[in-house]
Amino acid sequence: MKDKELMKKCESCDLNESEDLMDTCKSILNGVKDCKEDLGLSDDEVQTYLKMVENLKPKDVSKVLALALKIRESGKIKNPEIKNDASRLIRAIEMS
């Protein structure tokens, strides 16, 4: 599935019921600080993502999906945990 199609699908899904999905999003957001240089994120962007963890809402999943797609595309990120979380989120949305 192409990235644009995946983003559209994410925006149209009912994500309120998926606690696993929200936990995966939180894990990705918490891991951002470890790979901020590899993703080209500023300190302000990282802080915004970290604040999002505290009050994550289903409408924020599309933002986390965009981040997960960046993680998947980046060849610089070596942290297997965040890469696995990103892949898990992408697959979950593809299958929803």
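Tell me yes or no: at least one residue of the range 42-57 is touching a Cys at 6+ places or on another chain (Cβ under 7 Å) and either farther than 25 Å from residue 5 by Cα or free of Cβ contacts under 8 Å to residues at least 12 places away in the same chain (or both).
Here is the first cut: in the range 42-57, the residues touching a Cys at 6+ places or on another chain (Cβ under 7 Å) are 56.
This time we only want the ones that are either farther than 25 Å from residue 5 by Cα or free of Cβ contacts under 8 Å to residues at least 12 places away in the same chain (or both), so: none.
No, there is no match, as no residue in the range 42-57 is touching a Cys at 6+ places or on another chain (Cβ under 7 Å) and either farther than 25 Å from residue 5 by Cα or free of Cβ contacts under 8 Å to residues at least 12 places away in the same chain (or both).
Among the residues of the range 69-76, is any of a type in the set (Gly, Ala, Ser) and touching a helix residue (DSSP H, G or I) at 6+ places or on another chain (Cβ under 7 Å)?
We begin by selecting, within the range 69-76, every residue of a type in the set (Gly, Ala, Ser); these are 74-75.
Cutting the leftovers down to touching a helix residue (DSSP H, G or I) at 6+ places or on another chain (Cβ under 7 Å) gives us 74.
Within the range 69-76, one or more residues are of a type in the set (Gly, Ala, Ser) and touching a helix residue (DSSP H, G or I) at 6+ places or on another chain (Cβ under 7 Å).
Somewhere in the range 12-31, is a residue within 12 Å of the chain's Cα centre (by Cα), assigned to a helix (DSSP H, G or I), more than 16 Å from residue 87 (Cβ to Cβ) and of a type in the set (Val, Ile, Thr)?
No - not one qualifying residue is present in the range 12-31.
Residues being in contact (Cβ under 8 Å) with a residue 40 or more places away in the chain and under 23 Å from residue 18 (Cβ atoms): count how many of those fall in the range 58-96.
19
Looking at (1) farther than 23 Å from residue 8 by Cβ; (2) modelled with pLDDT of 90 or more; (3) among the charged types (D, E, K, R), which is the one condition that is false for residue 63?
Among (1) farther than 23 Å from residue 8 by Cβ; (2) modelled with pLDDT of 90 or more; (3) among the charged types (D, E, K, R), residue 63 violates only (1).
The values are calculated or read from the model by the stated rules, or taken from the named source; none is laboratory data. Computed from a predicted structure; not experimentally measured. Reconstructed Cβ throughout: ideal geometry from the backbone, glycine too, with neighbour counts over all protein chains shown.
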